[in-house]
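One structure follows; several queries about it will come next.
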Amino acid sequence: MSGLAKTSLATRYLALAAVALAGCAAADEGPQPMIVSTDWVAERLEEPDLVLLHVGEREVYDGAHLPGAQYVDRSLLSTPHGEGLMLEMPSTAELQKAFEAMGVSDDSRIVVYFGEDWVTPTARVYLTLDYVGLGERASIMDGGMRVWVAEGRVVTRAVPPVEPGSFTPNVREDVLADLEWVTANADDPAVALIDARNTEFYTGERSGRDMRAGHIPGARSLPYADVVNEETLKFRSDDELSQMFLAAGADLGDRVISYCHIGQQASLVYFVAKHLGYDARMYDGSFEEYSAQEELPVEGSARNPTELD
């Protein structure tokens with residue numbers, strides 16, 4: 001074979017190899033960003049692996065939602081009301097059944113968004129996806145329906161048919177913390193315990209229903225609502241968010257553990273902490289569980305707190 005022929009053949013092999021590598025790279029894009037813009041979503045509406053999940057009141061979804069979006073029945077993503085604590089992670093089998101019924105599969109690109117102002121329930125759905133091993137394939141759409149509609153983007157009332165998905169749960173034990181872990185690590189200087197409730201609950205000026213006033217000893221306050229813009233409900237800049245966590249005692253490299261009343265508001269702080277690169281967990285039982293343990297101390301209790309109705 002001539003030198004020219006050998007060169008041509010080698011060039012063809014290199015070209016084929018490059019195409020194959022490019023195909024592999026396209027097939028495995030790695031984790032998708034945790035926060036995606038409305039532009040990001042709009043560009044991918046027609047992609048067959050995109051699963052849009054709408055979180056909010058059913059009547060809001062029925063009135064208008066993103067094309068192709070499925071409604072999230074959040075009652076299927078927690079233990080039944082009256083069984084145990086107010087909001088706890090159900091069994092893996094129940095979560096698998098619920099998400100597969102929404103069309104979620106192992107190769108899905110999942111975007112969760114909120115209708116109206118349901119920011120913390122949306123974060124709770126993300127946390128649940130993260131718990132079953134789908135966090136790297138899931139995102140929250142920045143600003144939710146409020147921004148989507150303000151930008152004049154298309155909405156629909158049509159409820160799309162759903163083809164049941166199929167995914168293999170891979171439970172991540174590092175997403176949640178329990179009471180035993182929280183109490184055992186309360187004095188660890190590398191653990192930043194963050195109280196995500198509004199300030200008056202942290203200080204003990206008010207108390208939740210059937211809960212003691214005050215906060216878990218050693219916890220610092222970072223109210224959940226502070227991490228988003230009040231008007232647009234879009235996340236604040238990474239610089240602003242980083243300063244908030246530093247001010248709450250979460251140094252770079254710390255493990256951040258968030259809690260709230262029942263484990264919903266703290267989901268938003270968990271989400272942001274993970275987005276910023278912290279080793280994040282959420283105390284699922286939250287103050288509802290902690291407060292019920294009368295032998296455990298609380299700090300910051302006001303003399304005559306106002307009970308939350």
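Each value in this text was obtained by applying a stated rule to the coordinates, not by laboratory testing. Predicted model, so just to flag it, every value in this text is computed and none were measured. Note: ideal-geometry Cβ built from the backbone for every residue, glycine included; neighbour counts use all protein chains shown.
Would you mind telling me the antiparallel percentage of the DSSP bridges in region 177-309, rounded to 5?
10
Here's a follow-up. Please sort through the DSSP H helices of the chain and keep those with an alpha-carbon extent of at least 15 Å along the long axis and a Kyte-Doolittle average not below -0.5.
Going by DSSP H runs, the hits are 3-27, 119-131, 265-275.
To two decimal places, what compactness ratio does region 166-290 give when its Cα radius of gyration is scaled by 2.2 N^0.38 Å?
That works out to 1.03 for region 166-290.
Just from its helices, what would the mean residue ellipticity at 222 nm be for the chain, if runs of 4 or more DSSP H residues each count -39500 (n - 2.57) and the sum is divided by every residue, rounded to the nearest 500 deg cm²/dmol?
The per-residue figure over the chain is -10000 deg cm²/dmol.
Moving to a separate point now. Which of the peptides 121-134, 90-103 is most tightly packed, and how do the rest follow, judged by the mean count of other Cβ atoms within 10 Å per residue?
121-134, 90-103
Could you pull out every residue, at least 5 positions away or on a different chain, whose amide H is within less than 5 Å of the one on Q70? Hs are placed 1.01 Å off N in the peptide plane, and Pro or chain starts have none.
HN-HN under 5 Å from Q70: L52, L53, H54.
If you average 1/r over all unlike Cα pairs in the chain and invert the result, what Kirkwood radius do you get in angstrom?
Every distinct Cα pair counted, the radius reaches 21.1 Å.
So for the chain: antiparallel DSSP bridges make up what percent, rounded to the nearest 5?
10
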